[in-house]
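The values are calculated or read from the model by the stated rules, or taken from the named source; none is laboratory data. If you're wondering where the values come from, they're calculated on a predicted model, not measured in any experiment. No Cβ is skipped: glycine too gets one built from the backbone with ideal geometry, and neighbour counts run over all protein chains shown.
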Amino acid sequence: MRKAEEQGFREFAVSHAASLRRTAYLFCGDWHTAEDLMQASLLKLYQAWHRIEWRDNASGYARKVLLRTWLDEKRRPWRRAEQRDGEVPDVADAAADPDRTGERLWARDLVHAALLRVPPRQRAVLVLRYFEDLSVNEVAVAMGCTEGTVKSQTARGLVALRVAVEELERGAVVAS
Amino acid sequence: MSEADLREGLRAAVGDEPPLEFDADELIRRAQHVRRRRRALVAVAVATLALTGTVLALPGVLDQRRGVDAASGAVLTTTASGSASEVPATTPPPVTTVEPTGVEPPTTAATKPLTGGDSELFEYLRKRFTEVAPEVKVVAADAAATTDSPSRHVYAWLTFVDNVGTSRVVVRVAPPGSGMTQDEFCAEAGCEGPIRQRDGSSVMSSWRTTALPDPEGVMHAVAHFRLDGSVVEVRGFGYQPPVDVAGREKVLLTYDQLASLATDPKLGVS
């Protein structure tokens with residue numbers, strides 16, 4: 001890779017590492033795994049950096065790589081996790097910001113916990129659409145599917161998320 | 001839950017993001033290492049494939065060379081030569097005999113032995129020889145065939161030259177009742193076979209070392225013991241005199257070529 005290209009990649013990596021890690025965190029629900037996914041995605045991106053056809057939309061390409069890296073990772077046998085549908089564990093959040101209200105903290109954890117119960121591809125659609133604020137077309141490009149699939153996955157994902165939130169809320173009420 | 005609540009919840013979910021310690025230079029170093037390793041892996045894979053292919057292809061190539069050595073020369077000359085006779089035997093090198101497959105038998109309609117005498121036998125041998133070794137080009141030829149009176153054996157021979165040196169092929173035809181047996185054929189230096197043919201006849205082969213005045217060096221003889229009691233023996237020789245090149249001790253004609261001549265139904269006398 002030429003020096004100029006390498007410098008371009010370095011600048012891109014520095015400027016996008018944080019956002020990629022946040023998106024990866026919403027995908028997988030774990031900051032350590034999110035960091036690994038971000039690093040793996042940037043490594044793959046480095047190998048493909050000399051291809052110039054997608055340079056105009058490097059962020060979109062990086063998002064696509066990240067999503068596929070996560071989906072690939074999820075398929076691996078040692079990443080298969082048990083599906084839990086029990087109650088939310090009642091543990092103290094040591095990293096809680098005392099300035100925030102308890103209600104907001106509860107809502108944050110609730111959404112994130114519910115999101116992790118949504119199937120992977122539907123979760124990815126929800127994150128890309130409502131966290132990354134991408135259009136249906138951009139999500140379709142990132143996921144490599146049609147816009148119709150994105151719309152249907154979004155609708156199903158929202159239904160699944162609402163069901164999960166209701167279950168978690170019921171569990172929290174019972175626990176309290 | 002509305003879409004706005006979802007947006008707010010997702011943003012809040014990443015609110016406790018731990019500090020990012022990202023080193024772009026370290027990442028690039030790792031990426032370059034991965035790239036180098038991948039290239040090395042590809043290079044090793046290609047080298048392994050090439051080596052495997054070479055090892056697998058080499059026996060076939062060497063076998064082909066052994067088969068066409070006599071014919072691979074650009075020019076082949078046939079000349080009349082002195083008489084061919086029996087030669088003293090020594091211990092033969094090991095040989096593996098197989099059914100002749102490399103050369104098809106003649107497709108001419110007539111299959112009964114020639115009856116026109118020694119010269120006709122020789123002419124047919126010369127013609128058939130160029131078919132058995134299709135690469136050869138005969139630039140000069142002479143007829144020579146003799147009959148040994150007591151045993152009634154008929155000899156014919158061709159001397160040819162390739163791009164390395166001179167060699168010879170000798171054909172001996174023993175008519176029915178001439179007394180030539182498999183035991184006699186094997187008595188001198190042992191033999192391989194017999195290999196049964198479709199018509200019930202048998203083919204045997206023998207390696208011998210010969211000395212002057214016969215063609216000097218190694219000799220490979222293939223004899224076809226036919227149902228009518230006749231025997232056709234074809235002898236292939238190395239270079240004459242033996243030349244100091246790789247493969248010095250090999251006979252220029254392959255077993256298949258020798259056997260193809262020996263089993264030729266037209267090569268015989270009635």
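Brief remarks follow.
- Residue selected from the stretch A:33-53 under the condition farther than 13 Å from residue A:73 by Cβ and hydrophobic (A, V, I, L, M, F, W, C), by the criterion farthest from the other protein chains (Cβ to nearest Cβ): A:52
- Any hit, the stretch B:12-24, residues being touching a Leu at 6+ places or on another chain (Cβ under 9 Å), of a type outside the set (Phe, Trp, Tyr), part of a helix (DSSP H, G or I) and at pLDDT below 85: yes
- Qualifying positions in the stretch A:114-170 - closer than 17 Å to residue B:7 by Cβ, more than 14 Å from every other protein chain (Cβ to nearest Cβ) and among the charged types (D, E, K, R): A:138
- Extreme residue, farthest from the chain's Cα centre (by Cα), among residues of the stretch B:28-58 that are of a type outside the set (S, T, N, Q) and within 9 Å of chain A (Cβ to nearest Cβ): B:28
- Residues of the stretch B:221-241 that are of a type in the set (A, V, I, L, M, F, W, C), within 23 Å of residue B:209 (Cβ to Cβ) and at pLDDT 85 or above: B:221, B:222, B:223, B:231, B:232, B:234.
- Annotation: of all residues in the stretch A:7-33 being under 18 Å from residue B:30 (Cα atoms) and without any contact (Cβ under 8 Å) to a residue 40 or more places away in the chain, the one that is nearest to the chain's Cα centre (by Cα) is A:17.
- Of the residues screened, residue A:15 is not one that is under 26 Å from residue A:121 (Cβ atoms) and more than 9 Å from chain B (Cβ to nearest Cβ).
- For the stretch B:1-10, a residue qualifies if it is more than 7 Å from chain A (Cβ to nearest Cβ) and assigned to a helix (DSSP H, G or I), and the qualifying residues are B:4, B:5, B:8.
- Flag not set for residue B:55, criterion: at pLDDT 50 or above, closer than 30 Å to residue A:44 by Cβ and among the β-branched types (Val, Ile, Thr).
- Tabulated pairs, the stretch A:34-60, first in a loop (DSSP other than H, G, I, E, B), second modelled with pLDDT under 85 and of a type in the set (A, V, I, L, M), C-beta under 7 angstrom, 6+ apart or interchain: A:49/A:1; A:50/A:1
- Residue A:18 modelled with pLDDT of 75 or more and exposed (fewer than 13 other Cβ atoms within 10 Å of the Cβ): no
- Some residue of the stretch B:43-50 being touching a helix residue (DSSP H, G or I) at 6+ places or on another chain (Cβ under 9 Å) and surrounded by 10 or more Cβ atoms within 10 Å (Cβ to Cβ): no
- Unique match (being more than 7 Å from chain A (Cβ to nearest Cβ) and more than 53 Å from the chain's Cα centre (by Cα)) among B:25, B:16: B:25
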